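K.L.:
Just passing along the structure, written as structure tokens.
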Amino acid sequence: MIILGIDPGTATTGFGVIESQKNNLWKAIEFGVITTHKTAGDAERLKILATDLQLIIKKFKPEAAGVEKIFFSSNQKTIITVAQARGAILLTLEQLKIPIYEFTPLQVKNTVTGYGGADKKQVQFMVKREFGLKTVPKPDDAADALAIALCCGLKLKQNK
């Protein structure tokens with residue numbers, strides 16, 4: 001089973017592609033970020049995000065996608081742009097008929113570390129350990145996307 005994890009953002013969207021292995025192990029196939037230029041308009045940035053996401057989906061053919069839900073933020077400008085990015089991501093996944101599973105940051109932290117109050121470093125450590133990586137994935141958005149993919153994969157295996 002191949003799972004795509006997505007950490008939405010307008011300037012930087014993290015993605016992580018994982019595959020289930022034997023003995024309930026997971027392998028990180030690819031991870032990174034989709035970036036857009038600050039000088040580009042909102043519509044252009046969303047188009048770049050959707051186009052790059054389509055290419056990732058076409059290359060890896062995920063069976064499901066985990067997407068982080070928006071959590072409360074006091075920065076209204078940030079929350080609006082992240083919401084726009086999530087809209088472009090959800091539309092792209094729906095158009096390509098990829099089943100979507102949404103998770104709050106709390107759900108991801110709880111699933112990956114066993115503690116919903118875990119900090120970023122704890123999540124990154126567990127992602128590195130779970131996938132047998134030599135270093136923590138960089139940037140942070142890529143590590144978060146792998147954590148979201150793992151959360152999605154574990155949920156799907158649990159529901160089988």
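The values are calculated or read from the model by the stated rules, or taken from the named source; none is laboratory data. In this text the structure is predicted, and so the values were computed from the model without any measurement. Backbone-built Cβ (ideal geometry, glycine too); neighbour counts: all protein chains shown.
K.L.:
Could you list, in sequence order, all residues of segment 22-51 that are polar (S, T, N, Q) and either over 21 Å from LYS157 (Cβ atoms) or surrounded by 19 or more Cβ atoms within 10 Å (Cβ to Cβ) (or both)?
P.N.:
THR35, THR36, THR39, THR51
K.L.:
Out of LEU146, LEU156, LEU106, which single residue is in contact with a Phe, Trp or Tyr (Cβ under 9 Å, 6 or more places away or on another chain) and crowded, with 20+ Cβ neighbours inside 10 Å? Let's see the steps before the verdict.
P.N.:
Working: LEU156 fails: crowded, with 20+ Cβ neighbours inside 10 Å; LEU106 fails: crowded, with 20+ Cβ neighbours inside 10 Å.
Going through LEU146, LEU156, LEU106 in turn, just one is in contact with a Phe, Trp or Tyr (Cβ under 9 Å, 6 or more places away or on another chain) and crowded, with 20+ Cβ neighbours inside 10 Å: LEU146.
K.L.:
Looking only at segment 110-132, filter to residues that are closer than 23 Å to THR35 by Cβ and among the aliphatic types (A, V, I, L, M); which one of those is surrounded by the fewest Cβ atoms within 10 Å (Cβ to Cβ)?
P.N.:
So the residue we want is VAL123.
K.L.:
Still on this structure, please answer the following. Kindly list, by first and then second residue, each pair from a residue in segment 1-14 that is closer than 16 Å to ILE70 by Cβ to a residue that is hydroxyl-bearing (Ser, Thr, Tyr) and assigned to a strand (DSSP E or B), limited to pairs with Cβ atoms under 6 Å and residues at least 6 apart or on different chains.
P.N.:
Final answer for the pair search is THR12/THR35.
K.L.:
Checking the condition free of Cβ contacts under 8 Å to residues at least 40 places away in the same chain, acidic (Asp, Glu) and surrounded by 12 or more Cβ atoms within 10 Å (Cβ to Cβ), which residue from GLU19, GLU68 passes?
P.N.:
When all the criteria are applied, what remains is GLU19.
K.L.:
Say whether the condition of being in contact with a Leu (Cβ under 7 Å, 6 or more places away or on another chain), at pLDDT below 90, exposed (fewer than 15 other Cβ atoms within 10 Å of the Cβ) and not aromatic (Phe, Trp, Tyr) is met by at least one residue in segment 73-82.
P.N.:
Start the filter on segment 73-82 by keeping residues that are in contact with a Leu (Cβ under 7 Å, 6 or more places away or on another chain), which leaves none.
No, because not a single residue in segment 73-82 is in contact with a Leu (Cβ under 7 Å, 6 or more places away or on another chain), at pLDDT below 90, exposed (fewer than 15 other Cβ atoms within 10 Å of the Cβ) and not aromatic (Phe, Trp, Tyr).
K.L.:
Is at least one residue of segment 133-142 in contact with a helix residue (DSSP H, G or I) (Cβ under 8 Å, 6 or more places away or on another chain), touching a residue at least 12 places away in the same chain (Cβ under 8 Å), farther than 22 Å from THR13 by Cβ and buried (at least 16 other Cβ atoms within 10 Å of the Cβ)?
P.N.:
no
K.L.:
For residues that are farther than 19 Å from ILE2 by Cβ and modelled with pLDDT of 95 or more, scanning just segment 44-72, find the one that is farthest from the chain's Cα centre (by Cα).
P.N.:
In the first step, residues of segment 44-72 are kept if they are farther than 19 Å from ILE2 by Cβ; the result is 44-51, 69-72.
Keeping just the survivors that are modelled with pLDDT of 95 or more gives 44-51.
Details: GLU44: 21, ARG45: 18, LEU46: 16, LYS47: 18, ILE48: 17, LEU49: 13, ALA50: 14, THR51: 16 Å.
Filtering first and then ranking leaves GLU44.
K.L.:
I'd like to know if segment 86-97 contains one or more residues that are assigned to a helix (DSSP H, G or I), in contact (Cβ under 8 Å) with a residue 12 or more places away in the chain, of a type in the set (S, T, N, Q) and buried (at least 20 other Cβ atoms within 10 Å of the Cβ).
P.N.:
yes
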